[in-house]
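Asks: Before I ask anything, let me first share the structure, which is written out below as structure tokens.
No lab work stands behind these numbers, since they all come straight from the coordinates. Only a predicted model underlies this, so the values are computations on that prediction, with no experimental measurement involved. Cβ placement follows ideal geometry from the backbone for every residue including glycine, while neighbour counts extend to all protein chains displayed.
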Amino acid sequence: MGETNHKYAIDQPSIVAVTDEKGIITYVNDHFCEISKYTAEELIGQDHRILNSGYHSKELFAELWATINNGSAWKGELRNKAKDGTLYWADTTIVPFLNKDQKPYQFATIQTVISGRKKGQVAHKETFEELSHYKYALDQSAIVAITNKSGIITYVNEKFCTTSKYSSEELIGQDHRIINSGYYSKVFFKKLWSTILSGNVWKGELRNKAKDGSLYWVDTTIIPFLDKKNQPYQFVAIRFDITKRKKVEAQIKLSNKKAIQYTQVLESKNAQLVDFCSIISHNLRAPLTSILMLVDYLEQTKNKSERNEVLVKIKPVVNHLLDVFNDLVEAIQIQYDTNLVLEKIDLNDCLKKVLVGFDTQIQDCRADVQIDFTQAPVITSHQKYIHSIFTNLISNTLKYKSPNRKLIIIIRSFLKGKNKVVLSVSDNGLGIDLVLHKEQIFKIRKTFHKHPEAKGLGLFMTKTQVDALGGKIWAESQPNKGSIFFIELKHINT
Amino acid sequence: MNSYKKLTLVDDDEIFVFLTKKMIEQVKVIHLLNVFGNGLDALNFLRDKKNDADLLPEIILLDLSMPVLNGWQFLEEYTKLYPIFGKKIIVYVCSSSISSTDINRAKSINEVSDYVIKPITIDKLRELVKF
């Protein structure tokens with residue numbers, strides 16, 4: 001067979017080469033030169049291996065030679081290397097030409113370049129392998145589910161099943177709501193859906209419910225897969241179990257809260273301690289100093305009338321000291337009364353008892369006492385403290401009344417919200433300059449008036465009692481107009 | 001100039017005022033100018049006489065625990081007022097408090113010359129007016 005026959009047999013632009021029985025090239029067509037970038041002169045006389053890219057195994061070539069030496073055609077895909085080092089894949093057919101003894105005396109190699117396709121296939125295979133590695137890794141660590149665009153589960157991995165305790169059969173075809181723990185509002189899920197439906201990734205922490213009712217926390221990422229129109233056609237949800245972390249977080253939160261509470265208690269105890277230090281230093285030491293100075297004076301004075309003058313001054317100081325002392329003991333007692341007995345208190349009854357004690361004073365100054373407990377006639381609280389709070393506040397209104405006008409005292413109770421009750425005691429007396437005394441009004445030994453009976457313990461005591469009841473106390477006042485004190489307490493509906 | 005020193009007593013403790021008066025009578029070099037039962041009355045007096053050096057005291061004995069304006073509140077206003085006075089005034093904080101918080105606080109104020117713990121004796125009073 002001659003050259004013309006080969007050329008005739010094949011369609012352009014095939015790469016055609018003819019070798020002798022040993023593989024030495026005897027003919028190449030133009031296309032061969034074009035693809036291999038060798039000239040015909042460079043190729044002819046060379047072994048076909050000149051094009052070997054070293055990619056294929058020895059076994060492949062052994063099989064190739066065995067086939068063609070046996071008189072059969074060989075078909076396959078080979079990767080060749082051009083002169084400049086570029087690689088190209090070629091769909092290859094090698095046909096042996098046999099002599100009379102049925103032995104091949106030459107071979108025709110017909111190739112079609114498939115580089116592009118082959119490359120794509122290899123890349124595809126590699127990508128596929130990589131992807132399955134990723135999938136494996138993901139399945140090992142994450143809870144994975146795929147849903148269609150209406151939220152119906154179409155795929156779950158094994159971890160999803162072990163965590164949710166449902167089988168994949170139970171899950172597939174179901175809505176994701178099967179694991180909803182009811183922890184979040186409708187609005188929350190609406191937001192989630194609007195995020196992913198608009199093509200955005202949603203990230204967040206969710207609390208889910210397993211088949212057995214147990215709850216688990218998952219750090220969740222939902223990725224929408226978009227079609228050509230940018231519409232999501234499915235969602236992939238990747239979740240990580242963070243139940244343990246959540247538990248630890250909750251514990252930390254709780255201990256933080258406790259720590260803050262303890263700190264607040266400590267701070268208030270510390271403030272009280274400073275107050276007590278101050279009481280001992282001023283309120284207790286001052287009358288003792290007076291007694292000491294009086295006694296000193298007595299010792300040095302011989303004059304009888306002077307001695308008598310001093311002698312009568314001692315007893316009131318001792319009495320005052322006793323009063324301060326008693327108040328102090330009571331104040332300390334309040335701090336230690338932790339289990340207060342709460343009972344229903346009829347405010348009218350309670351106030352009546354308090355007012356009995358001020359009967360003479362009220363009559364003397366013809367004070368007008370107005371009472372309005374209609375909004376909250378009964379409260380649940382500690383009888384002794386409420387009695388004492390009223391006593392202190394009413395005593396103040398009488399002590400600090402204005403000399404220029406008739407005293408009007410208004411005592412009220414009213415509801416604040418659903419579970420608060422406020423008691424108020426107001427007067428039209430001297431008032432307190434709150435700009436000057438705001439910080440100190442409820443502190444110990446603070447007196448705001450030049451009154452001989454002002455010991456400065458009354459409001460401190462009242463505040464201590466209100467604190468012990470878990471309430472709040474505050475005041476509004478204007479100098480020479482009057483004051484109003486408010487006490488807010490928990491209201492237990494009966 | 002007067003030969004004796006004028007003293008203003010700012011204290012609400014009647015016993016202390018009574019006995020201090022008695023002691024001042026015995027210490028010949030002092031004249032008790034006036035007594036105020038709280039910081040505000042004392043401050044009003046000083047404000048009133050700020051341009052009249054002869055009518056201002058040379059010594060102020062100041063209590064801390066007082067109604068209306070206490071000793072600290074008095075000092076806050078007093079330090080603002082002091083540069084206007086045309087004379088030197090010595091302020092002694094005189095309190096029954098032995099708390100170091102009070103003592104250190106008083107001593108940190110420039111206008112306070114010393115902190116005197118009650119009770120005070122006649123000897124202590126003599127010492128205080130020797131300057």
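Asks: Rg and Dmax of region B:1-59, using alpha carbons, in Å: what are they?
Replies: 11.9, 33
Asks: Next question. Taking the simple approach of a point 7 Å from Cα along Cα-to-Cβ for both A:GLU126 and A:ILE332, what is their distance in nm?
Replies: 8.6
Asks: Take peptide B:100-112, look around each residue's Cβ out to 10 angstrom, count Cβ atoms belonging to other protein chains, and average those counts.
Replies: Working: counts 2, 4, 4, 0, 0, 0, 0, 0, 0, 0, 0, 0, 0.
What the average comes to for B:100-112 is 1.
Asks: Sticking with this structure for a sec: Taking the 0 to 90 degree range and rounding to the nearest ten, how far is the long axis of helix A:186-197 tilted relative to the main principal axis of chain A, both from C-alpha atoms?
Replies: 30
Asks: I've got another one for you. Counting pairs of alpha carbon atoms under 8 Å apart in space and at least six apart in sequence, what relative contact order in percent does region A:21-146 give?
Replies: 18
Asks: While we're here: So, by mean Cβ neighbours within 10 angstrom, what's the order for A:13-20, A:267-274, B:21-28, B:39-46 with the highest one leading?
Replies: So the peptides A:13-20, A:267-274, B:21-28, B:39-46, ranked by packing, come out B:39-46, A:13-20, B:21-28, A:267-274.
Asks: Just to check I understand the Karplus step: with θ = phi - 60° and J = 6.51 cos²θ - 1.76 cosθ + 1.60, what whole-Hz values come out for region A:143-158, glycine and proline as x?
Replies: Per-residue couplings from phi come out as 8, 10, 9, 10, 10, 7, 5, 8, x, 7, 6, 10, 8, 9, 8, 5 Hz.
Asks: Above 26 angstrom, tally the Cα pairs of region B:6-124 and express them as a % of all pairs, no decimals.
Replies: Working: 946 of 7021 pairs.
Above the 26 Å cut-off, region B:6-124 has 13 percent of its Cα pairs.
Asks: Still on this structure, I have one more. Using modelled backbone amide H atoms (1.01 Å from N, in-plane), which distant-in-sequence or interchain residues come within less than 5 Å of A:ILE492's amide H?
Replies: For A:ILE492, the qualifying residues are A:THR380.
Asks: Moving on. For A:279-292, what's the mean count of beta carbons from other chains sitting within 10 Å of each residue's beta carbon?
Replies: Numbers: counts 0, 3, 10, 9, 3, 1, 7, 11, 3, 3, 11, 9, 2, 3.
Per residue, the number of nearby Cβ atoms from other chains is 5 on average.
Asks: With θ set to phi - 60° and the Karplus curve 6.51 cos²θ - 1.76 cosθ + 1.60, what are the ³J(HN,Hα) couplings of region A:259-274 in order, to the nearest whole Hz, using x for Gly and Pro?
Replies: Along region A:259-274, the couplings run 4, 5, 4, 4, 4, 4, 4, 4, 4, 5, 5, 5, 4, 5, 4, 4 Hz.
Asks: If I take R0 = 56 Å and measure r between the Cβ atoms of A:ILE260 and A:ASN230 in this structure, what FRET efficiency does the formula 1/(1 + (r/R0)^6) give, to the nearest 0.05? Numbers along the way, then the final one.
Replies: Working: r = 49 Å, r/R0 = 0.88.
Efficiency, rounded to the nearest 0.05: 0.70.
Asks: Fewest Cβ neighbours within 10 Å first, please rank A:ILE409, A:ILE172 accordingly. Show your work: numbers first, answer last.
Replies: Numbers: A:ILE409 23, A:ILE172 16.
So the residues, fewest neighbours to most, are A:ILE172, A:ILE409.
Asks: Once all Cα-Cα distances of region A:311-386 are split into 10 Å bins that start at 0, what whole-number percent is in each one?
Replies: 14, 27, 34, 20, 5, 0
Asks: Can you compute the helix-only [θ] at 222 nm over chain B? Use -39500 (n - 2.57) per DSSP H run of at least 4 residues, normalise by all residues, nearest 500 deg cm²/dmol. Spell out each step's value before the answer.
Replies: Values: 5 runs with 49 residues, N = 131.
Computed mean residue ellipticity for chain B: -11000 deg cm²/dmol.
Asks: Can you give the FRET efficiency to the nearest 0.05 for A:GLU41 and A:ALA62, using r as the Cβ-Cβ distance and R₀ = 30 Å?
Replies: On the way: r = 30 Å, r/R0 = 1.01.
Approximately 0.50, to the nearest 0.05.
Asks: Please sort A:153-160, A:196-203, A:226-233 by packing, taking for each peptide the average over its residues of neighbouring beta carbons within 10 angstrom, highest first. Walk me through the numbers on the way to the answer.
Replies: Working: A:153-160: 18.2, A:196-203: 13.6, A:226-233: 10.5.
Descending mean neighbour count gives A:153-160, A:196-203, A:226-233.
Asks: Here is a follow-up. Restricting to Cα atoms and excluding each atom paired with itself, what does the Kirkwood estimate give for chain A in Å?
Replies: Values: mean 1/r = 0.0295 Å⁻¹.
One over the average 1/r among Cα pairs gives 33.9 Å for chain A.
Asks: Let me ask something else. Enumerate the calculated ³J(HN,Hα) couplings along region A:460-473 in order (Karplus 6.51 cos²θ - 1.76 cosθ + 1.60, θ = phi - 60°), each rounded to whole Hz, writing x wherever the residue is Gly or Pro.
Replies: Per residue, the Karplus-derived 3J(HN,Hα) values read 4, 5, 4, 4, 4, 5, 4, 4, 4, 8, x, x, 10, 9 Hz.
Asks: Kirkwood Rh and Cα-based Rg: tell me the resulting Rg over Rh for region A:102-170, rounded to two decimals. Let's see the in-between values first.
Replies: On the way: Rg = 23.2 Å, Rh = 16.4 Å.
For region A:102-170, the value is 1.42.
Asks: Taking 56 Å as R0, compute the FRET efficiency from the Cβ-Cβ separation of A:ASP139 and B:GLU77 and round it to 0.05. Don't skip to the end; give the middle numbers.
Replies: Numbers: r = 78 Å, r/R0 = 1.40.
Efficiency, rounded to the nearest 0.05: 0.10.
Asks: Before anything else, pin down the relative contact order of chain A: Cα pairs under 8 Å, at least 6 apart, normalised by residue count, whole percent. Intermediate values should be presented prior to the final figure.
Replies: Values: 732 pairs, mean separation 35.6, N = 494.
Taking the mean separation of contacting Cα pairs over the length of chain A, I get 7 percent.
Asks: Same structure again: Relative contact order of region B:6-124: what whole-number percent is it, with Cα pairs under 8 angstrom and at least 6 residues apart? Let's see the in-between values first.
Replies: On the way: 181 pairs, mean separation 28.9, N = 119.
For region B:6-124, the relative contact order is 24 percent.
Asks: Taking a cut-off of 29 Å between Cα atoms, list the lysines near A:LYS159, but don't count ones fewer than 8 places away on the same chain.
Replies: Those lysines meeting the cut-off are A:LYS125, A:LYS135, A:LYS149, A:LYS186, A:LYS190, A:LYS191, A:LYS203, A:LYS209, A:LYS211, A:LYS244, A:LYS246, A:LYS247.
Asks: What residues have an amide H closer than 5 Å to that of A:ALA142, excluding those fewer than 5 places away on the same chain, when H is modeled at 1.01 Å from N in the peptide plane?
Replies: Excluding prolines and chain starts, which carry no amide H, there are no hits.
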